[in-house]
Amino acid sequence: LVDDAYRIVQKITGDIGGNGQGAAMYGEMIKSSCQKAIDLLVKKTGLGPDSRFIDIGCGRAKPNLHAALYARVKFSFGIELDPCRVFLANVILKMLVKRARSNPDLNTITNISVQLGDISEALCLDPFTHVWMFDVAFEEELIHKIAELFNN
């Protein structure tokens with residue numbers, strides 16, 4: 001299922017991906033690395049059908065795809081600052097939703113939402129049970145704020 005999703009991602013954005021911020025990629029993991037991280041979350045933190053997953057700085061929402069299609073999470077939400085990446089993520093999701101109509105195994109794709117936004121404006125991280133972020137791209141102060149929001 002994840003492979004099907006990646007074929008659509010590549011069809012829209014090319015093999016390297018990107019199409020945002022004038023650069024090919026910024027902090028996006030390749031499919032195998034992302035899957036290894038999701039496997040670890042499933043094994044060590046119980047990521048699964050009762051989980052509510054957030055990807056902060058989601059880009060094209062590839063971790064959201066893994067969480068929804070592999071871990072079968074209840075809800076997978078992505079928040080991103082770059083309008084171009086949000087647009088691309090939503091184009092990808094729209095194509096996957098169309099494909100899900102003929103393939104019931106893809107039905108959890110409808111549990112993904114990607115929105116333009118700034119996590120620094122968040123007041124809390126309820127109802128999320130699992131947070132994903134590429135921390136190298138964030139200032140230390142914001143990382144601490146996100147941790148406080150999640151742990152309160």
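The values are calculated or read from the model by the stated rules, or taken from the named source; none is laboratory data. These figures come from a predicted structure and were not determined experimentally. Glycine also receives a Cβ, built like all others from the backbone with ideal geometry; neighbour counts cover every protein chain displayed. All accessible areas refer to the heavy atoms of the entire protein, side chains included, with ligands and DNA or RNA removed. Shrake-Rupley method; radii C 1.70, N 1.55, O 1.52, S 1.80 Å.
Points worth noting:
- Per residue, the accessible area of region 29-152 comes to 54 Å² when a 1.4 Å probe rolls over the protein heavy atoms.
- LYS44 accessible area, 1.4 Å probe, all protein chains in place, Å² to nearest 10: 140 Å²
- Taken over the chain, lysine pairs spaced eight or more positions apart, or on distinct chains, with alpha carbons under 16 Å apart number 8.
- For region 75-92, Karplus couplings with θ = phi - 60° (6.51, -1.76, 1.60), whole Hz, Gly/Pro x: 8, 10, 10, x, 10, 9, 7, 8, x, 5, 5, 4, 4, 4, 4, 6, 5, 4
- Sorting the Cα pairs of region 91-141 by distance into bins of 5 Å, from 0 upward, gives 4, 13, 18, 19, 15, 15, 9, 4, 1, 0 percent per bin.
- For the chain, diffusion coefficient by Stokes-Einstein and Kirkwood Rh (Cα), 25 °C, 0.890 mPa s, µm²/s: 158 µm²/s
- Among GLN115, ILE92, ASN103 the positive-end extreme of the charge dipole of the chain (Cβ point charges): ASN103
- In sequence order, calculated HN-Hα J values of region 31-44 (Karplus, 6.51, -1.76, 1.60; Hz; x Gly/Pro): 4, 5, 5, 5, 5, 4, 5, 5, 4, 5, 4, 4, 6, 9
- Apportionment of accessible area to carbon and sulfur, the chain, percent (1.4 Å): 55 percent
- Helical runs assigned H by DSSP (4 residues or longer) give the chain a calculated mean residue ellipticity at 222 nm of -13500 deg cm²/dmol, each run adding -39500 (n - 2.57) before division by the residue total.
- In this structure the amide hydrogen of SER76, modeled in the peptide plane, comes within under 5 Å of the amide hydrogens of PHE53, ILE112, SER113, none closer than 5 places in sequence on its chain.
- Accessible surface for MET29 stands near 70 Å², nearest 10, in the context of the full protein assembly shown (1.4 Å probe).
- Accessible heavy-atom area order of LEU1, LEU96, LEU142, LEU123, highest first, probe of 1.4 Å: LEU123, LEU1, LEU142, LEU96
- Cα centroid separation - region 96-122 against region 58-77, whole Å: 7 Å
- Relative contact order of region 82-152, defined on C-alpha pairs under 8 angstrom at six or more residues apart (%): 28 percent
- Largest-first ordering by accessible area, 1.4 Å probe, given options ASP39, ASP55: ASP39, ASP55
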